[in-house]
1. As a footprinting exposure proxy, order R177, R125 by other Cβ within 10 Å, with the fewest listed first.
2. I want to check the label-to-label distance for D61 and F154. Put each point 7 Å from Cα in the C-beta direction and report it in nm to one decimal.
3. What shape does the range 60-233 have by the C-alpha gyration tensor, where a ≥ b ≥ c are the square roots of the eigenvalues, rounded means a/c under 1.5, and otherwise prolate means a/b greater than b/c and oblate the rest?
4. Based on Cβ point charges of +1 for Lys and Arg and -1 for Asp and Glu, what charge dipole magnitude is obtained for the range 60-233 about its Cα centre, in debye rounded to the nearest 20?
5. For F94 and I45, what is the calculated FRET efficiency with R₀ set at 25 Å and r taken between the beta-carbons, to the nearest 0.05?
6. Fewest first, what order do S172, S78, S71 take by the number of other Cβ atoms within 10 Å?
7. Arrange D136, D147 by Cβ neighbour counts within 10 Å, fewest through most, would you?
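Only the coordinates and a few stated rules stand behind these numbers; no lab work does. This is a predicted model, so every value here is computed, not measured. Note that each Cβ is placed from the backbone with ideal geometry, even for glycine, and that neighbours are counted across all protein chains shown.
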Amino acid sequence: MIGILQNDGYGSVVHGHFKEVVRLGWGGAKSNLLPGAVLWVLGIILVISYYQVQAVEEMLDRLGEFKLASSPWFGIISTALFGSLIPWIVQAVFLKGADKQPFRHVPWLLLFWGIHGWQVDWLYRIQAGLFGNGIDFMTILKKTLVDEFVWVPFLAVWQLVLGYLLIEKKGSLLEFRAALKKKPFLDRAIPLMIANWVVWIPAVSLIYLFPLPLQLPLMNIILALWCLILTFFAKNVEATE
């Protein structure tokens, strides 16, 4: 009987802790809704422009041709730049003091996002092979579900959480392990994953509306815009507090 009560008490603690982690993730997601909405509007405008404005279509198709001609290096280099260097430059210009990301992080972030770009390029190619290149509802739905509920939770999020934590701890495995003991992996990953789903499920649905050669370049554009929007949004929020 005592063991049952102990187990029930432990289960209650775990359940309460999980609810708190989910609550933190949903809170972060709600705070990102406004910049996310801006991102979705820009994405919709880009989709409509590509299919309705010949000049936009021609310009983006040239970008897609360049991507095909320079793969896989296009994905590696462009994602490295759009995911790390451009956001750092914006932070360096518009943020002050401790709000800025240290420059010593940039080389490691370039490496991290370069590897991520190579992986995402393969994700898009594999999905095109599995589901085709159509832009009908079911094809977009399948690709979005695989992207956000297979790729994100089982590969992308854990790489992001552990990679950024290791960079933050300057590559020290002792500090890295100590940080994970203080705040376990799932406590870090679940809030990030929830916030990612709220913003990026609509975003990747828009990405899959484009031809395969344009999907990675447009992911990079959205990634850079997302980082820029978050930077300005956070700055404006701080100014009003």
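1. R177, R125
2. Using points 7 Å along Cα→Cβ, the separation is 3.7 nm.
3. Prolate, since a/c reaches 1.5 and a/b exceeds b/c.
4. 640 debye
5. 0.55
6. Neighbour counts put them in this order, fewest first: S172, S71, S78.
7. D136, D147
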